[in-house]
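Here's the structure, in structure tokens; my notes come after.
The values are calculated or read from the model by the stated rules, or taken from the named source; none is laboratory data. Since the structure is predicted, the reported quantities are computational estimates derived from the model, not experimental observations. Every residue, glycine as well, gets a Cβ built from its backbone with ideal geometry; the counts of neighbours run over all protein chains shown.
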Amino acid sequence: MFSGWNWVAHGLYLLWNICSLGVSGGLVQSCGHIIPESPVLTLGSSFTALCILNESCLDFGNIYANQIIWKTKNRVVPKEQYREINRTVSSVTFNDTSSLANPLTCNILADGQIEQNIYGITVTVGLPPEKPKNLSCIVRQVSKLAYPMTCTWNPGRPTFLDTHFRLKYRWPQENFPDCIPKDVNNSCMITDVQFFVNLEVWVEAENALGKAESDPLVLDPIEIVKPLSPHNLSVNSEILPTVLKLSWENRISVAVMKLKFNIRYRIIGDANWMQVPPEDTASPRTSFSVQGLRPYTEYVFSIRCMKEDGVGYWSDWSEEKTGVTTEDKPSKGPPIWRSIAVCHSPAFWTVHLMWKALEPFEANGVIFQYEVTVRSKSPLSSLAEKYNVNTTNLTLKLPNGTYEVTVIAHNRVGASPPSVLLIPASNSKAPVKSVRTLPKDGKLWVGWTAPNSYVLKYVIEWCLVSNSSDCIIEWQNEPGNVQGTYLKGDIKPFKCYLITVYPLYADGQGSGQSVKAYLQQDRPSKGPTVQTKKVGKAEAVLTWNHLTVDEQNGFIRSYTIFYKTVDGNETAVTVDPSKTEYTLSSLTSDTLYTVRMMAYTDEGGRSGPDFTFTTQKFGKGEIEAIVVPVCLAFLLIVLLGVLFCFNKRDLIKKHIWPIVPDPSKSNIAQWSPQVPAKHNFSSKDQMYPEGSFTDVSVVEIEADDKKSFSEQDLKPFDLLKKEKSTSEGHSSGIGGSSCMSSPRQSVSDSDEGETTQNTSSTVQYSTVVLNGYRDQTPVQVFSRSESTQPLLDSEERSEDQAGGGDSTTQRQHYFKQNGGQDETNTDRPCFERTKQIIHANEGDLVGFAQLQISGQSSQPLGLGLEKNTQEAALSDVLQESTEGQTVISQTVEGNPMLVDEMPKSYLPQTVRQGGYMPQ
Amino acid sequence: MAAADNTSAALRRRDLCSRGIRLAGKMRSDVVDLLDTYVERQGLDASASVAAVEGVPAAAVERWDEQTGTQRLLENLAAYRAFRALLAQMLEEQQEQLGEADAALGRALAAVLLQVSAFTYHLEELLRLESRGPPSEEGAEPPPAPHLSLFERKLRGLGVLRELAQWAVRSTRDLRQLAKPSPGSSSAASLAESP
């Protein structure tokens, strides 16, 4: 029974334990805790935390403080930083909180192995707020009655903590609610402040580590007002042309503050502001008249204000308003100058007057007319001519002389003072000296030395020198007391300007002194193009053209010529810029040189294109020195050779030029006297007036009387027939042109049988003199020779003309046409003649043949003659039988050797009168 | 030492007078503007004649130029303390009546109230410089507001503002009078400030 109660008590004890755990720690009871709980620590300070174990856990789990392990973000804190206070408390100390990571946990090793977390805290590290510094306030007026005050301060270093700033302010007797910044920590705006009472303002900064206050600022807000700028500004012109009246409205009550003003203004288009003297606008006002303005000029105005005593801030500048002053008469006459051109008539000038339009500040209005007066200063006439023009120039044709020109500008208000220019007959006065230029500040300054005489003023004339445009003159006036000025115009860099300075005197004018100048120089835009003028063996003359002024970009100070061989070093030669030619010397002969040229200005040089040339192999006269001796030597040798040949001519003749038998001295000459008396020499003389045939012995044969030949005469024919005809005896006879000569007409004068049968030296000649037919006077004498020597050349030519065809073939062809009359032949004349021969009677044929031969020069005829020369003996056959063609063909075929051998047997020889002279 | 104190006190007095004058000027300007707004918003006739309001000190006074400085300061202080209470009451009534619907009128009333309060401070400081010290406010409290109808309250408000405008003018003159160098005073500079 007792034990049963004991068990019940034990169960109740456990239940109480469980309940007590649940009550004390909620759902999970912690076995300890850390103090301090979630501390906020100063960065860099030391920190000690204690982990305190619950007694209940000691009893329940045998847990003690010496088992505690400290961790920062799961990293075990070294044991050296632990300290066991007692058996339930362990502390950990960090000397520098900057290294402390969250969370800081207290853990324990249960049963020596299992690590259990007991408790953890989050440590916040930061800095206390610094004292806010540089507190300042400004009251910006936003409307007529609203004056919010904005104060700014320097909040100091970051605190890494949630730090609250408050702007506090108060009157001595009254506190106001704090101004709390929104989204920022360095400024705050108090919406409404009251003036004329001192306000104490300060800033309070507070976070978990502390609180700091700035130094108080005691001020009357009226002293820190930035008022709104005046508005509704208007500008009105006054009667005076130099005054404009400004009016405006102030947006701050005079009861609040009195204002002073700043008024600024500028000419429209000009960026520079001018300001009305502040002392003129140092009192409250709503209008002001600005004086000292230019007439007929548009001005821009703006205004601002601040507290009259200068305490506070200036307002912003008001909106800009413009106003135009009224017109006034021109303040000065237009500057005037002239250019003079000589007319065709030397007694007249063309004077081009030009004047400058007045600057707006001089014109003081719209210039609508210029009045030009030209007055001659000649003692003979002092007439004044007046011209009213709208332009700024006037061209007049005037007689040479001295003139005074006056120009007056008119606007709506009045006329300008006159501008006077004296145009003397000649510029005889002293000129200026030492005209010089100097680029300065992007402008071109011109200076000169004044002449000794008093100069009224100077005129500086200039123009841009260019190849592409004319020199358009610009000019400007300068007072007589200066000796230098800047050119007032659009002076471009890299352009050449011709500047001329004229001194004007009260009674005349000095001649102009000129100088060329550049505002800025550059390298030339291109280099000179060099080429050779003459190339020798060791020298070359180079030429080039000067660069145009547009290409120069500056003053050409020098040229440099660079030349080199293909593999050699470049050599440079500096040349004076005035030259356009230079001779390179000491060059290597027969060598390719590359040459280029650079032109230099003060800013550098630029090279022209490369040019190559080759020096000559021989110098001047060298070739002549070689050729002339060679020629002389050659001539000498030739002369010696000729002399030698002359001396040895017999020997040479014997070997090279054997004596050709002269037919005129042949044996036939011996029978020349036996020629019948009918031989008509007179007609022969007429036919051969030069006597080339004067020595020819003529054998006259009656064409129609074959029987009149003596046996002796006919003997050679027979011999020839025997020799040349092998198979057909009836084909013998003197050969001739089968085309034009009939066997009866041509008489072979070939030598007797032994002569013919002689060796190659044997020459056959025939001289045929045709007799007239039946008492008709023969019109032509045909002298024929059996020698082929003089005709070899013709034969060869005929062969060439026949297309190189075989002579035999030609002959066959010829005879074929002769037989076949229907066929055509290119040798048409010959063919026709053949037909006549065949069909006409023999007597007719003879005369006709003579005519044909006498007029012959045609190749077909010659061909026929030549081809049949050696076959003259066969011609009889042709006139005897229609079968002749076959016979002749056979003869030719059967006698090839004769054709080949005959030319070798004969030497050319003039047929002389007297006929056959066998040797 | 005593001379330095006197000089400092004189400068302080002068500064207080100067700024008091300007504050009175601005207060008058603002009250005049407020009067227009008030008449318009409360639906009153600007030319309406309002009888003397009970508890509102009258600006007009006989033999003004015979008053001493302290007397002037005391009368001003009494008046402005009364105005301060009246304006606070008007502001409260206006907020009850119009709520936030007419914030501009409320802001203007509050601004004038602040100026009145600031001017009161100026007067108290001047009285301290007179070695007299400001009187206690307990005796100067206005009588409790009688139960008035809405229209009567509006009219009373109009009367308060008009009288305040009058007082602003008078205060300016009073302070100028005070700022004038008293015979034998070393401060020779005069204040030429005029609103």
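For the range A:170-195, give me the residue count where each residue is outside any loop (DSSP other than H, G, I, E, B) and at the interface with another protein chain (Cβ under 9 Å from one of its Cβ atoms).
As a first pass, look at the range A:170-195 and keep what is outside any loop (DSSP other than H, G, I, E, B): A:170-171, A:174-175, A:179, A:187-190.
From what's left, at the interface with another protein chain (Cβ under 9 Å from one of its Cβ atoms): A:171, A:174.
Within the range A:170-195, residues that are outside any loop (DSSP other than H, G, I, E, B) and at the interface with another protein chain (Cβ under 9 Å from one of its Cβ atoms) number 2.
I'm trying to understand the selection: among the residues of the range A:407-458, which are among the hydroxyl-bearing types (Ser, Thr, Tyr) and farther than 30 Å from A:Ile367 by Cβ?
We begin by selecting, within the range A:407-458, every residue among the hydroxyl-bearing types (Ser, Thr, Tyr); these are A:416, A:419, A:426, A:428, A:434, A:437, A:449, A:453-454, A:458.
Listed by number, the residues that qualify are A:Ser426, A:Ser428, A:Ser434, A:Thr437, A:Thr449, A:Ser453, A:Tyr454.
Do you know which residues across the range A:103-145 are farther than 30 Å from A:Cys51 by Cβ and surrounded by fewer than 17 Cβ atoms within 10 Å (Cβ to Cβ)?
Of the range A:103-145, the ones farther than 30 Å from A:Cys51 by Cβ are A:129-145.
Hits for the range A:103-145 are A:Lys131, A:Lys133, A:Asn134, A:Ser136, A:Ile138, A:Val142, A:Ser143, A:Lys144.
Taking B:Val32 as the residue in question, decide whether it is modelled with pLDDT of 90 or more and either touching a His at 6+ places or on another chain (Cβ under 6 Å) or part of a helix (DSSP H, G or I) (or both).
On the way: modelled with pLDDT of 90 or more: yes; either touching a His at 6+ places or on another chain (Cβ under 6 Å) or part of a helix (DSSP H, G or I) (or both): yes.
For B:Val32, the condition - modelled with pLDDT of 90 or more and either touching a His at 6+ places or on another chain (Cβ under 6 Å) or part of a helix (DSSP H, G or I) (or both) - is met.
Give B:Asp15, B:Asp45 a once-over and let me know the one that is within 12 Å of chain A (Cβ to nearest Cβ) and either modelled with pLDDT under 90 or on the phi > 0 side of the Ramachandran plot (or both).
Details: B:Asp45 fails: within 12 Å of chain A (Cβ to nearest Cβ).
None of the other options fit; the residue is B:Asp15.
Let's see how each residue does on (1) polar (S, T, N, Q); (2) without any contact (Cβ under 8 Å) to a residue 60 or more places away in the chain; (3) not assigned by the TED database to the domain that holds A:Asp162:
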site: A:Ser90; (1), (2), (3): yes, yes, yes
site: A:Asn95; (1), (2), (3): yes, yes, yes
site: A:Ser98; (1), (2), (3): yes, yes, yes
site: A:Cys106; (1), (2), (3): no, no, yes
site: A:Glu115; (1), (2), (3): no, yes, yes
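Which ones in the range B:46-79 are charged (D, E, K, R) and in a helix (DSSP H, G or I)? Explain how you work it out, then say what you get.
Our first condition is that a residue be charged (D, E, K, R); within the range B:46-79, this holds for B:54, B:62-63, B:65-66, B:72, B:75.
Listed by number, the residues that qualify are B:Asp65, B:Glu66, B:Arg72, B:Glu75.
Return the residues of the range A:268-299 that are closer than 27 Å to A:Ser416 by Cα and of a type outside the set (D, E, K, R); say none if nothing qualifies. Write out each step before concluding.
Let us first name the residues in the range A:268-299 that are closer than 27 Å to A:Ser416 by Cα, namely A:268-270, A:290-299.
If the condition is that a residue be closer than 27 Å to A:Ser416 by Cα and of a type outside the set (D, E, K, R), then A:Ile268, A:Gly269, A:Val290, A:Gln291, A:Gly292, A:Leu293, A:Pro295, A:Tyr296, A:Thr297, A:Tyr299 are the ones that fit.
Which members of the range B:64-91 meet the condition of being within 14 Å of chain A (Cβ to nearest Cβ) and among the small types (Gly, Ala, Ser)?
If the condition is that a residue be within 14 Å of chain A (Cβ to nearest Cβ) and among the small types (Gly, Ala, Ser), then B:Ala88 is the only one that fits.
How many residues are within 21 Å of A:Ser315 (Cα to Cα) and buried (at least 20 other Cβ atoms within 10 Å of the Cβ) when one looks only at the range A:236-254?
Result for the range A:236-254: 4.
Residues to consider are B:Thr37, B:Thr7, B:Thr70; find the one that is loosely packed, with under 14 Cβ neighbours inside 10 Å and touching a residue at least 24 places away in the same chain (Cβ under 8 Å). Reasoning before the result, please.
Details: B:Thr37 fails: loosely packed, with under 14 Cβ neighbours inside 10 Å; B:Thr70 fails: loosely packed, with under 14 Cβ neighbours inside 10 Å.
So the residue among B:Thr37, B:Thr7, B:Thr70 that is loosely packed, with under 14 Cβ neighbours inside 10 Å and touching a residue at least 24 places away in the same chain (Cβ under 8 Å) is B:Thr7.
Can B:Ala59 be described as within 16 Å of B:Gly159 (Cα to Cα) and within 13 Å of chain A (Cβ to nearest Cβ)?
Details: within 16 Å of B:Gly159 (Cα to Cα): yes; within 13 Å of chain A (Cβ to nearest Cβ): no.
Criteria not met by B:Ala59.
Against the conditions (1) over 28 Å from B:Ser136 (Cβ atoms); (2) among the acidic types (Asp, Glu); (3) without any contact (Cβ under 8 Å) to a residue 60 or more places away in the chain, where does B:Asp30 fall short? Just the number, please.
(3)
If you scan the range A:318-373, which residues turn out to be among the aromatic types (Phe, Trp, Tyr), touching a residue at least 60 places away in the same chain (Cβ under 8 Å) and part of a strand (DSSP E or B)? Break it down stepwise before answering.
In the first step, residues of the range A:318-373 are kept if they are among the aromatic types (Phe, Trp, Tyr); the result is A:337, A:348-349, A:355, A:361, A:368, A:370.
Restricting the remaining residues to those that are touching a residue at least 60 places away in the same chain (Cβ under 8 Å) gives A:337, A:355, A:361.
Those that are among the aromatic types (Phe, Trp, Tyr), touching a residue at least 60 places away in the same chain (Cβ under 8 Å) and part of a strand (DSSP E or B): A:Trp337, A:Trp355.
Within 28 Å of A:Pro128 (Cβ to Cβ), among the β-branched types (Val, Ile, Thr) and surrounded by 14 or more Cβ atoms within 10 Å (Cβ to Cβ) - does that describe any residue in the range A:62-71?
No: the range A:62-71 contains no residue that is within 28 Å of A:Pro128 (Cβ to Cβ), among the β-branched types (Val, Ile, Thr) and surrounded by 14 or more Cβ atoms within 10 Å (Cβ to Cβ).
I need a count of the residues in the range A:160-169 that are within 20 Å of A:Cys137 (Cβ to Cβ) and away from chain B (no Cβ under 14 Å).
Start the filter on the range A:160-169 by keeping residues that are within 20 Å of A:Cys137 (Cβ to Cβ), which leaves A:164-169.
Then keep just the ones that are away from chain B (no Cβ under 14 Å); that gives A:164-168.
So the answer is 5.
Can you find even one residue in the range B:92-107 that is under 20 Å from B:Thr172 (Cβ atoms) and either within 14 Å of chain A (Cβ to nearest Cβ) or surrounded by 19 or more Cβ atoms within 10 Å (Cβ to Cβ) (or both)? Write out each step before concluding.
Kept after step one, since they are under 20 Å from B:Thr172 (Cβ atoms), are these residues of the range B:92-107: none.
Looking through the range B:92-107, none of the residues is under 20 Å from B:Thr172 (Cβ atoms) and either within 14 Å of chain A (Cβ to nearest Cβ) or surrounded by 19 or more Cβ atoms within 10 Å (Cβ to Cβ) (or both).
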